Each structure stands twice: as C-alpha cells, then as structure tokens.
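Structure, as structure tokens:
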Amino acid sequence: MDVQSLNHQRSEIQSQYEGYTPKPSKPWPWSTTISYLLREQRLLFVLVGVAIATLFFSVQPEVRKPILQPETKANDFVPKFSSQMLAVRSQVSADPMAFVRPGAKIPLGLKRKPLRIVVTGGAGFVGSHLVDRLLARGDNVIVVDNFFTGRKENVVHHIGNPRFELIRHDVVEPLLLEVDQIYHLACPASPVHYKFNPVKTIKTNVMGTLNMLGLAKRVGARFLLTSTSEVYGDPLEHPQKEEYWGHVNPIGVRSCYDEGKRVAETLTMDYNRGASVEVFYVRIARIFNTYGPRMGIDDGRVVSNFVAQALRKEPMTIYGDGKQTRSFQYVADLVEGLMRLMEGEHIGPVNLGNPGEFTMLELAEVVRETVDPQAKTEFRPNTEDDPHKRKPDITRAKKFLGWEPKISLREGLPLMVDDFRRRLFGKSKGSSL
C-alpha cells in the first residue's frame, strides 16, 4: 500500500470523529439517594447499625498506656517492667496458690484449660478411681478398656457426662486419638487373672505399651506407665528402693507379669531417650499392694480374699506360714500419687505404696477386727515364687512429689468392707445380714 492510500484512510478516520465532545458529568442525584434510603425503612436500619457499633466500642475497656514521668526515659521503662514480671512469675512458680482468691478450690495440676486424657484400663479398680478424680478436676476423659477385668459398673455413673467417653478396645491393637495425657493402666494385676492367659498378659505389657507409647509420641502427649512392685521379684533388699534392680525368676509362673512390666519400663525409657524432650515426656510409677472399694471380689489378692471370705463366713486362707509381709495402701492415696507424678517434672521410676508393713497373720487379725471377730483362718501350701517381704522405700516420692500415704489400713479397710458387703449381699454397713 502506497503513502497516498494511507493518507486517504487517515483523512477518512479523522472525518468520522470531527465534532465529538465528551459527555458532561452529571451532578450526584441526591434526591434519588434520599428516596432510596427512605423507601422500605432502609434509613432506620442504617441508624440502628450505627448506634449498635457506637455502643459496642464505647463499652470496651480502654487500653491504658503506661504514663512515663518526665524524669523517666522510654528505654528505661521496659527493663523495669520485665523485672517486675519475672518477680511475679518466680513467686507463682514457688507458690501457685499465692495469687488465688482465699477460699477458692484449685485442683491438683493448676492449668488454664481442661486436658484431654486417656486412661487405659479405666474401667478397672484403680483406673475407675483415677477417672473420678480427673473428671472432678474438670478434664475430658476417654476410658479405653477391653473389660477382661474391668467392669462397666465402675464407670456407669459417668454415662451422660459430656466430658466422659468410653471405648471398648484392646490396647494390643493400635489406637488413634488426639490427647494431652495418657495414663497407661491396662493389664490384669492379680495372679488369678494374669496367670489365666500368661501369653496374653505379656502381650498386653509389651504390645500394649508399645502402642500407647507410639500414640503419645505421635501426638506429643505426656505418658505415665503404671508399673508394679513385682519388678523387684522376691527381693534381697528390704525395703525396696527404686535403684534396686530386683530378683526375678524369668521363667516362673509369675514372670508373664513381672518380666512383662520390666520390659514395659524398658520400652518407656527407650522411647523417652529417643524422642525430643520438647514434645514427649514419660513417667513410671511402681505400685505396691493397693486396696479399696471396687476391688475385684474374687481376684485372688490377699486383702480382697480375706474380706470376701470373712463376709461369707468362710475361713481366711493363709498360704505358707503367714509370716511373709506386704504393705497396703488405700486407693485414694495411690490416685493422688499418680496425678502428682503426671503433673510433676520427675520421670521416675517412683515407688507408690504405704510403708506400713504387715504379715499375713497380722492382716488376718485386722480383717477379723473389722468384719467378724469369729472369723477363722486356715493354712495352705505357699504358691510358687511368692515374695517373702515387700515394703516400699518412698523417699523419692516424698522428695520429688511431696507425696506420702495418709490413710492407714485400719481407716481404709472399713470402706472396702462396706463396699464388698453391698456388692455381695446388697446391704451396707449397719444392715443385718
């Protein structure tokens, strides 16, 4: 295309736009706007909204800035303020009750929000009492139990509580939950039950503990293992300290429980050593003989045996010469110790037991005084691998937890007897049998 043709096209385009002027802008139609607002009471809703917003911001607390005195420099204020806060923090750490309103009830484990806690074996004797305490403290509790030795009756009074959940599950199988703490109590604890299926018992101690440790590590939960005084076996040291490694028969009829708990302690410590301390904490409690309400009536342990036999007018069975010794703690004391251990900073292991020592003959006499002065005893051959002496040294619990048992055998036993009497005969203390 030549230059002449391009000039011709340009002239045609310019002729099309000759005389074009932009459209003048119109003033804002205020009359239309006012009519819109007045229509259908829109103005009323606008005014109400403005009033609500004004009222909301007027009642908000004013953020007060620190007033600096003329002689105070701005840079000098921050260190002074920080030192005051550090002093308050140290005072609270030393005495958490220092800034609590007088008369207020602050439960064990002062915290800002309720915790989500799993209790394996929570329908059992000790577990159910622990669940009672945790719920009373305001926590959310998930009970995991396969009901081999646990009973629904132990936790049925919590059904309907929105902070309580019950899961029928065997800890030998993995479990996925989001929790803050795990109390691992799942395992049959009486000789009658753990000898019933010894392979299952040791699987519960090993696989169950592995699964719960794995859960705790995944979600960063604190983990407490309830071990046992049985890890000391038939001890050569008396009383037993946590540093004592024990004297256990690894192939005996009790080893499924004794060695199972020893392996569970090993797994717990190995998991802790291999995990980041910022997100994973473990605790180990070594529990000595415990008694109290909800204990299995025919579980084979000496206190429950004596009480049930005395109530049924049967002779109390003493194995061996009756001179072997045990220590007996009331379940409420144990639960207090477990909670202190979980909330504290000491890993353990820690002995939790009552250092009061009784022979089986002395225990039978206390039961006779409590239940029936006419109760009789009978002697039978001793069982295999039965420990001759058992008494805890609780120096570590006193030092690190500030814990020691408060309830003596003569104080706690009547509470257990009343519970057994009600469960056996449907009658409580004071009723005629």
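Read the figures in this text as sums done on the coordinates, not as results from a lab. The structure presented is a predicted model; accordingly, all values stated were derived computationally and were not measured. Note: ideal-geometry Cβ built from the backbone for every residue, glycine included; neighbour counts use all protein chains shown.
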What number in nm² do you get for the stretch 116-425 if you take the convex hull of its Cα atoms and divide its surface by four?
-> 14.9 nm²
If you add up the charges near Phe288, with Lys and Arg at +1 and Asp and Glu at -1, over every other residue whose beta carbon is less than 10 angstrom from its beta carbon, what do you get?
-> +3
So the compactness index of the stretch 174-217, its C-alpha Rg divided by 2.2 N^0.38 Å, takes the value 1.29
Ordered by packing density, taken as the mean number of other Cβ atoms within 10 Å over each peptide's residues, highest first, how do 236-244, 334-342 rank?
-> 334-342, 236-244
Within the stretch 345-433, trypsin sites (Lys or Arg not before Pro) in DSSP loop having at most 11 other beta-carbon neighbours inside 10 Å | Lys429
What does the highest-first list of 247-260, 200-213 look like by mean Cβ count within 10 Å?
-> 200-213, 247-260
With +1 on each Lys and Arg Cβ and -1 on each Asp and Glu Cβ, and nothing else charged, work out how big the dipole of the stretch 116-425 is about its Cα centre, in Debye to the nearest 20.
-> 340 debye
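Test of understanding: what is the full-extension gain from Ala53 to Val219, defined as 0.36 nm times their sequence separation minus their Cα-Cα distance?
Details: separation 166, 0.36 × 166 = 59.76 nm, distance 4.27 nm.
Length difference between fully extended and current span is 55.5 nm.
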Length gained when the stretch Leu236-Arg423 is fully extended (0.36 nm per residue, less Cα-Cα span) = 63.4 nm
